[in-house]
Amino acid sequence: METCRLNRSHVRLGVSLPGNIFDDAGHLLLSEGYVPDNQEQIDQLLARGLYVEISVYESCFKAMSADEMAALENKFDPFL
């Protein structure tokens, strides 16, 4: 299985994950649809390394431009 590493702009509070998430050794960490509920959890997972299958990455993230990714990162959500 070929994977691609996710970064901070790919994982957001209150937004479900688009696919299964693996660590750098290929072990399943989180299942598709999981919704991260606190920033500390996201920070710990990012430090460990979050990887998703290439097909999921290409269908969900590759089509986004750098400007769109930055806009998502900076979007304020008063409900979080």
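The values are calculated or read from the model by the stated rules, or taken from the named source; none is laboratory data. In this text, all values refer to a predicted model and were calculated from it rather than measured experimentally. Note that each Cβ is placed from the backbone with ideal geometry, even for glycine, and that neighbours are counted across all protein chains shown. We work out accessible area using only protein heavy atoms, side chains counted, and drop any ligands, DNA or RNA first. Shrake-Rupley method; radii C 1.70, N 1.55, O 1.52, S 1.80 Å.
Only one of L46, L17, L50 is under 10 Å from the mean Cα position of the chain (by Cα), within 11 Å of C4 (Cβ to Cβ) and either surrounded by 12 or more Cβ atoms within 10 Å (Cβ to Cβ) or among the hydrophobic types (A, V, I, L, M, F, W, C) (or both). Can you tell me which? Result: L50 is the single residue among L46, L17, L50 that is under 10 Å from the mean Cα position of the chain (by Cα), within 11 Å of C4 (Cβ to Cβ) and either surrounded by 12 or more Cβ atoms within 10 Å (Cβ to Cβ) or among the hydrophobic types (A, V, I, L, M, F, W, C) (or both). Screening V56 on (1) modelled with pLDDT of 90 or more; (2) open to solvent by less than 50 Å² (accessible area, probe 1.4 Å) shows it passes everything except condition (1). For the residues D24, D43, the requirement of being among the charged types (D, E, K, R) and part of a loop (DSSP other than H, G, I, E, B) singles out D24.
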